[in-house]
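The values are calculated or read from the model by the stated rules, or taken from the named source; none is laboratory data. Source: prediction; values computed, not measured. Using ideal geometry, Cβ is built from the backbone for each residue, glycine included, and neighbour counts are taken over all protein chains shown. Side chains are part of the model used for accessible areas, which takes the heavy atoms of the whole protein and leaves out ligands, DNA and RNA. Shrake-Rupley method; radii C 1.70, N 1.55, O 1.52, S 1.80 Å.
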Amino acid sequence: MNKVSSLQVISPNVKYTEDHIYADYEYEETLVTKKDNAITVKPYQTSLCIRTARKVGRVGVMLVGWGGNNGSTFTAAVLANKHQISWNTKNGKMEPNWYGSITQASTVRLGIDEKGNDFYVGMSELLPMVHPDDLVIDGWDISPLNLAESMVRAKVIDYDLQQKLKKEMATMKPRPAIYDPDFIAANQADRATNLIRGTRYEQYLQVRADIKDFRDKNKLDRIIVLWTANTERFCDVRPGIHDTAENLERALRNNESEISPSTIFALAAIDEGCYYINGSPQNTIVDGVVERAEKMGVFVAGDDFKSGQTKLKSVLVDFLVSAGLKPVSIVSYNHLGNNDGKNLSAPKQFRSKEITKSNVVDDMVESNPILYKPGEKPDHVVVIKYVPYVGDSKRAMDEYTSEILLHGTNTLAVHNTCEDSLLAAPLMLDLVVLAELLGRVHVRRDHTHEWSGLHAVLSALSYLVKAPLAARGAPVVNALFKQRAALDNLLRACLALRPATHMQLEHKVPFLRSDLQSGAMFAGDAPPAKRQRHAQNGAQ
């Protein structure tokens, strides 16, 4: 059921063929140089050709940790929506949805209508994207339970819906996975009975064989491997081991102890031509992994799904800083009772999560040198406790204290209760859908240059993860609105649409307002482009 968008841009800068959408796009920035107290500002513009393949193909998803809360919930959500299964609760009859997914349940401002009102479309309508119903799912888990048993164990899905999904999910059994007690908490040992044995290199070969088997059996065009298993401790990234693809290959063959299970899965996925997305906080996508991905022409992305609490933290800190207030103390307390919480009760695994949660305000702080001196940051403390009784219903309490006028203080306290896996599963879907789409996007300057894909580190997915990765030397953006605007505007660029500015000059400038009200703004054809490379894009 690959959804074909009916949206069409009528412009001399866009050409549609059977296979591609070609867009001529003027990318603009502002270059700033500072010398002493003198600031020089210079507009920058470069012409780009953007090509998006229209045919989606058959897409498979392989989840590492398929039998966990996230994996079983994601699978249940896909099946419930695919089969349109309704179920009963004490609140009445429920219908499936994809609330929480930006591709399926959020909109993008496209422009204005004839009356000057904002016009929105669903994000999935902008460009051809894989439909969730068409995804083929497989994966690995250290637990041998089938997906129906895993769903029951997770205690996330309503009982009546479990009963309706049980028959189909009982046929889904995770492939053996990799268990290294040095990287995840010892309290996971009782689950670890479904294992790939052997050296790290032998495990890597088996994971590759699993991917190939999945691809061949289901005749897949693209596979995305997504880690949604337990949080590992941070590996000790060492020169000569993790720094290059060659060193990483040698270390893998030598059974080096600091090659983590997640790194093994990443390397196996990359070498099979798959995209790899890391959904838990750990040092997986090291330089050697990125170099390997660049050579294979595939994407890597991560790290750690961005929950509602982290999104709220990004929004609040961004709001405070942009309003000229100075956050000086941020204290986050969490308790949860699912298996993720159990794993995080171990100090080394908690430290991985603490690092990703603590870094999410850095770029917002650095954006305001009026408030913060170089190197100055708010006090930021993260606490996570395991409370079995609350299960998947995570409690989060955050306190934000800011300095205000004349060193007064203002404190915001926020209490958030969320069903953890029901927030994570839509993020998993979005990561898969958007990664697949962006793999069909290629860019060049003009017809004399070769088409180039996006960088192997897919930073465009930053909106969906706590600790976004960026190409070496590129800035890491954590501010939520900047992340979302970057993604929306990248999708608009694929249609030769300029970034959404929300200036609304047609309501602020009298003669533009007159054009809107008289209909002159919409009369005739689209205005001519400054540069029309339309024919050469489509022909070569």
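Observations on the model:
- For the range 137-224: rounded, prolate or oblate by the Cα gyration tensor [a/c cutoff 1.5]: oblate
- Set of lysines with alpha-carbon distance to K90 below 20 Å, sequence-local pairs under 8 removed: K155, K164
- Summarising the label geometry, the points placed 7 Å from Cα in the beta-carbon direction at V476 and F119 lie 4.1 nm from one another.
- Theoretical FRET efficiency, 1/(1+(r/R0)^6), r = Cβ-Cβ of Q517 and T17, R0 41 Å, to 0.05: 0.60
- DSSP loop trypsin sites (Lys or Arg not before Pro) with at most 13 other Cβ within 10 Å: longest gap in the chain: 220-444
- Net lengthening on full extension, A105/H507 (0.36 nm per residue, minus Cα-Cα): 141.8 nm
- Here the dipole of the range 193-258 is about 280 debye; that uses its Cα centre as origin and unit charges on the Cβ of Lys and Arg (positive) and Asp and Glu (negative).
- Extension gain, D243 to K167: 0.36 nm times the residue separation minus the Cα-Cα distance gives 22.7 nm.
- Rounded if a/c under 1.5, otherwise prolate or oblate - the range 1-82, Cα gyration tensor axes: oblate
- Over the range 274-313, the ratio between the Cα radius of gyration and 2.2 N^0.38 Å evaluates to 1.37.
- In nm, spacing of pseudo-spin labels at N187 and V383 (7 Å Cα→C-beta vector): 1.7
- On the chain, 53 percent of the accessible area sits on carbon and sulfur atoms, based on a 1.4 Å probe.
- Calculated diffusion of the chain, Stokes-Einstein form, Kirkwood radius summed over Cα pairs, 25 °C and 0.890 mPa s, µm²/s: 98
- To the nearest 10, the accessible area of L454 is 50 Å² with a 1.4 Å probe.
- Heavy-atom accessible area per residue - the range 186-250, 1.4 Å, Å²: 48
- Sequence of L195, L412 when ordered by accessible area, the most exposed leading, probe 1.4 angstrom: L412, L195
- Rolling a 1.4 Å probe across all protein chains gives V383 an accessible area of roughly 50 Å².
- Average Cα contact separation per residue, the chain, under 8 Å, 6 or more apart, as relative contact order %: 19
- Cross-link pairs exceeding 22 Å between alpha carbons, from the set K82/K167; K385/K466; K166/K466; K212/K295; K55/K311; K326/K394: K166/K466; K55/K311; K326/K394.
- Rounded to the nearest 0.05, the FRET efficiency derived from the C-beta distance between S322 and N218 at R0 = 51 Å is 0.60.
- Here the chain is treated with +1 on each Lys and Arg Cβ and -1 on each Asp and Glu Cβ, and its dipole about the Cα centre works out to around 380 debye.
- The residues of the range 1-105 expose on average 55 square angstrom of accessible surface per residue, using a 1.4 Å probe on protein heavy atoms.
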